Amino acid sequence: MIAARDTRAAQKYKLLQLRALMPDTAIFVIEGDDDKIVYGNWCKKIDPSFEFEPFPCKGKRSVLRLRDAVLADKHNLSRMVFFFIDNDFDGWGDHGPHESTFKLAAHSVENYLVSHGVLRSILTNCFHCEGHPAVRESIVVRFRECFRKFLDASRPINQALFFAAKLRIEIIIKPSSIDKFVGVTLENVVLKFDDVNEVVSLAREPTAEELAQLSVEFDGLDPEFAYRGKYAWEFFRRWIFLLGKEYGSRTNGWFEDLEVGRKLREHEISLGSAAIGSDLPIGLKEFVLAAAAPITPSTPAPHPAQNTSAPHPPLRV
């Protein structure tokens, strides 16, 4: 509690310093550096003329604790300050919704980047599949099948993390990488564990009653949308890397109709480029446009309409 209080105070002081430097610029408080890249590109899609200053924190709890401090400030520090958080598995956690805060409906920003539309864009621009729609669609179908295998394989991991979040059980160990629990090829995913307890360790096991209560809720989640986005993005990047190997070798005929000798543009594949090609989270456009509304120094910033993060999945092209 003392550490959390000290961190909140330090973040508030840092925010005060930023506000002094930029008194009339919207400040977007986000969870981390990856979010800075993704939200930056999403906001450019919404309004290219809108400029804001990102303020990365170290995770969702830090964002919400800072929000508490900002809202309690007696000197209008909340003016033109907006907060952005992932849904994760715990939603708002111990905090409630607020008009200054946008919460993703998906687990995290990465869930929006792993999509058929983004893959089609990568195939066109980086794998030189322009003019070959049949090649693109064949690869999209193969990706869809392999991604489904990955989601099925990662289900026990996500379920354990979901139970921990909902029951507020401390996580002792969780996989830092998908390499800890699966092996990936272009057409298959192989489990590396027999028991989920080998890769996820909790401070205590959920009781039978808790499992029965939460299993129904977990079973109702959309895996593409609600499972841990960082694992999905890592799988996507790994699969694209393997696809690049196939592009170079032409071993299995996936690119047999394409011109040989054109260099793969793998350096173009990034969080930023994926964000440009992805669908926007539901409600983000309205939130950002409200934040971007003209503001004078003497007029408090209008807060966007409250974001309730209705559980709708990102659009799949």
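The values are calculated or read from the model by the stated rules, or taken from the named source; none is laboratory data. Not measured: the values here are computed from a predicted model. We place every Cβ from the backbone using ideal geometry, glycine too, and count neighbours over all the protein chains shown. Heavy atoms of the whole protein, side chains included, go into the accessibility calculation; ligands, DNA and RNA do not. Shrake-Rupley method; radii C 1.70, N 1.55, O 1.52, S 1.80 Å.
Only beta bridges with both residues in the chain are counted; by DSSP, about 30 percent of them are antiparallel. Local charge for Lys45 was computed over the other residues whose Cβ lies under 12 Å away, with Lys and Arg +1 and Asp and Glu -1, and equals 0. Past 21 Å, Cα to Cα: identify those pairs from Lys174/Lys230; Lys36/Lys230; Lys44/Lys103; Lys58/Lys174; Lys60/Lys174, in the order given. The pairs that break the limit, which is 21 Å between Cα atoms, do not exist here. Three semi-axes describe the equivalent ellipsoid of the stretch 99-162; taken as square roots of 5 times the Cα gyration tensor eigenvalues and ordered largest first, they are 29, 19, 7 Å. The C-alpha atoms of the chain define a longest principal axis, and helix 133-167 lies at about 50 degrees to it. Considering the chain at the alpha-carbon level, its Rg and Dmax are found to be 21.5, 66 Å. What a 1.4 Å probe finds exposed on the stretch 118-251 is 51% carbon and sulfur by accessible area, rounded to a whole percent. Applying both filters, DSSP loop and at most 13 other Cβ atoms within 10 Å, to the GluC sites (Glu not before Pro) of the stretch 179-228 gives Glu187. For the pair Gln17 and Glu170, a Förster radius of 51 Å applied to the C-beta separation gives a FRET efficiency near 0.90, rounded to the nearest 0.05.
Subtracting the Cα-Cα distance of Asp222 and Arg142 from their residue separation scaled by 0.36 nm leaves 26.8 nm. At the residue level, Glu137 shows approximately 70 square angstrom of accessible surface with a 1.4 angstrom probe and all protein chains present. The helix-based estimate of mean residue ellipticity at 222 nm for the chain, built from -39,500 (n - 2.57) per DSSP H run of four or more residues and divided by its residue count, is -15000 deg cm²/dmol to the nearest 500. Annotation: amide H-H contacts under 5 Å for Phe83 (H modelled 1.01 Å from N, sequence separation of 5 or more, or interchain): Val29, Thr101, Phe102. Taking label positions 7 Å along the Cα-Cβ direction at both Leu211 and Lys285, the computed distance is 4.5 nm, reported to one decimal.
Protein heavy-atom accessible surface, 1.4 Å probe, per residue over the chain: 49 Å². Its Cα gyration tensor gives the stretch 135-228 an equivalent ellipsoid, and the semi-axes of that ellipsoid, as √(5λ) in whole Å with the largest first, are 28, 16, 10. Can you give the accessible area of Ser138, probe radius 1.4 Å, in Å² rounded to 10? Rounded to the nearest 10, that gives 50 Å².
3J(HN,Hα) couplings calculated from phi for the stretch 264-275 with the Karplus curve 6.51 cos²θ - 1.76 cosθ + 1.60 (θ = phi - 60°) are, in sequence order, 5, 9, 5, 5, 7, 8, 7, 4, x, 5, 5, 5 Hz; Gly and Pro show x. Based on the Cβ-Cβ distance from Ala203 to Ser177, what FRET efficiency comes out when R0 is 35 Å, to the nearest 0.05? That gives a FRET efficiency of 0.95.
Phi angles across the stretch 49-60 convert, under the Karplus curve 6.51 cos²θ - 1.76 cosθ + 1.60 with θ = phi - 60°, into 3J(HN,Hα) values of 8, 7, 10, 9, 10, x, 9, x, 10, 9, x, 5 Hz, Gly and Pro given as x. When His116, His98 are compared by accessible area of protein heavy atoms, the largest-first order is His98, His116, using a 1.4 Å probe. The largest accessible area among Ile276, Ile46, Ile37 belongs to the first residue in Ile276, Ile37, Ile46, and the rest follow in falling order (1.4 Å probe, all chains). Using Cα positions and a limit of under 17 Å, work out the aspartates and glutamates in reach of Lys14, with same-chain residues fewer than 8 apart set aside. Partners found: Asp6, Asp24, Glu31, Asp33, Glu53, Asp68, Asp73. Counting heavy atoms of the protein chains alone, His267 has an accessible area of about 130 Å² for a 1.4 Å probe.
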